[in-house]
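Reading through the structure tokens given below for one structure.
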Amino acid sequence: MITVHHLNNSRSQRVLWLLEELGVPYEIKLYTRDPQTLLAPPELRAIHPLGKSPVITDGDTTIAESGAIVEYLVERYGRGRLIPAAGSPQRLRYTYWLHFAEGSAMTPLLLKLIFMRIEAAPMPFFARPVARAIAGKVQNTYIDPNLARHLDFMETELAAHAWFAGADFSAADIQMSFPIELSRARGGLDEKHPHLMRFLERIHAQPSYRRALAAGS
């Protein structure tokens, strides 16, 4: 039995969705973020030294990192599902988007969260204007332009292809769901990017997505 060490409001939601899509039995061990720091609890370090989620255990095997988990599950349990044929152009697109999700898309989104928290953090009154000015400058000159470029790039790709890897839904779409969800929440994604908005509508309508959301709540 696969155990998903699931942190609330985290990337591990994608792992639950993938398992539901593959029809693979699993169990959930739930961890809750510290309400002040929003960090994972120390109990996760007993599973993996970095103490982060997602992590799965499958028998004696422990796997961390979203992309590695997706690749492991699709290879071991997919029986050819949710992945394009080897050597095809779609397979190359699949690999690209599988890694783009964490390698490129998540960086400015995480920076956005950090600098938004700096702006809102309690601090001495004399430091507040300086901290907010610096945070605003970084967001306006670096973070927000990068987010806009990523959104425009992804929008163009989905305008040309039904799903990220091509005509068929794949695990790359599951992997890409998290940065796109975050972009909708705080990265500037709105109706100016209709194909990305439609992507969210389509994945939210999938029964496997809804089952995973209920299981992880």
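Summary of computed values
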quantity	calculated
Checking Tyr72 against (1) in contact (Cβ under 8 Å) with a residue 24 or more places away in the chain; (2) open to solvent by 30 Å² or more (accessible area, probe 1.4 Å), the condition it does not meet	(1)
Selection from the stretch 70-84 of residues that are assigned to a helix (DSSP H, G or I) and either at pLDDT below 95 or basic (Lys, Arg) (or both)	Arg76
Residue pairs meeting the criteria (Cβ under 7 Å; at least 6 apart or on separate chains; first without any contact (Cβ under 8 Å) to a residue 12 or more places away in the chain, in the stretch 199-217; second open to solvent by 10 Å² or more (accessible area, probe 1.4 Å) and part of a helix (DSSP H, G or I))	none
Members of the stretch 48-62 found to be open to solvent by 10 Å² or more (accessible area, probe 1.4 Å), closer than 13 Å to His6 by Cα and modelled with pLDDT of 95 or more, listed by number	Thr57
Helices (runs of 4 or more DSSP H) contained entirely in the stretch 102-217, each with at least 1 residues that are among the acidic types (Asp, Glu)	106-120, 144-160, 171-186, 194-204
Candidates Leu18, Leu39, filtered to the one that is surrounded by fewer than 20 Cβ atoms within 10 Å (Cβ to Cβ) and either out of contact with any Gly (no Cβ under 6 Å at 6 or more places or on another chain) or not in a helix (DSSP H, G or I) (or both)	Leu39
Hey, Phe115 of a type in the set (Phe, Trp, Tyr) and closer than 30 Å to Gln36 by Cβ or not	yes
Pick from the stretch 149-161, criterion surrounded by fewer than 15 Cβ atoms within 10 Å (Cβ to Cβ) and aliphatic (A, V, I, L, M), ranking: farthest from Arg198 (Cα to Cα)	Ala160
Residue under evaluation Gln13, criteria (1) free of Cβ contacts under 8 Å to residues at least 60 places away in the same chain; (2) not in a strand (DSSP E or B), criterion not met	(1)
Close pairs from the stretch 133-144: first surrounded by 15 or more Cβ atoms within 10 Å (Cβ to Cβ), partner of a type in the set (Val, Ile, Thr), Cβ under 7 Å, at least 6 apart	Ala135/Ile118
Residues satisfying the stated conditions in the stretch 189-215, i.e. open to solvent by 50 Å² or more (accessible area, probe 1.4 Å) and over 22 Å from Gln90 (Cα atoms)	Glu191, Lys192, Pro194, Glu201, His204, Ala205, Pro207, Arg210, Arg211, Leu213, Ala214
Qualifying position, being in a helix (DSSP H, G or I) and among the small types (Gly, Ala, Ser), among Gly87, Gly67, Gly51	Gly67
Single residue of the stretch 84-102 satisfying the filter (under 18 Å from the mean Cα position of the chain (by Cα) and open to solvent by less than 80 Å² (accessible area, probe 1.4 Å)) that is nearest to Ile180 (Cα to Cα)	Ala101
Residue count, the stretch 24-46 (criterion: within 16 Å of Asn8 (Cβ to Cβ) and either at pLDDT 95 or above or in contact with a strand residue (DSSP E or B) (Cβ under 6 Å, 6 or more places away or on another chain) (or both))	7
Among residues of the stretch 38-69, those that are free of Cβ contacts under 8 Å to residues at least 40 places away in the same chain and either closer than 12 Å to Leu18 by Cβ or polar (S, T, N, Q) (or both), counted	2
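The values are calculated or read from the model by the stated rules, or taken from the named source; none is laboratory data. Here the structure is a predicted model, which is why all the values come from computation and not from measurement. Every residue, glycine as well, gets a Cβ built from its backbone with ideal geometry; the counts of neighbours run over all protein chains shown. Just so you know, the surface numbers come from the protein's heavy atoms only, side chains and all, with ligands and any DNA or RNA stripped out. Shrake-Rupley method; radii C 1.70, N 1.55, O 1.52, S 1.80 Å.
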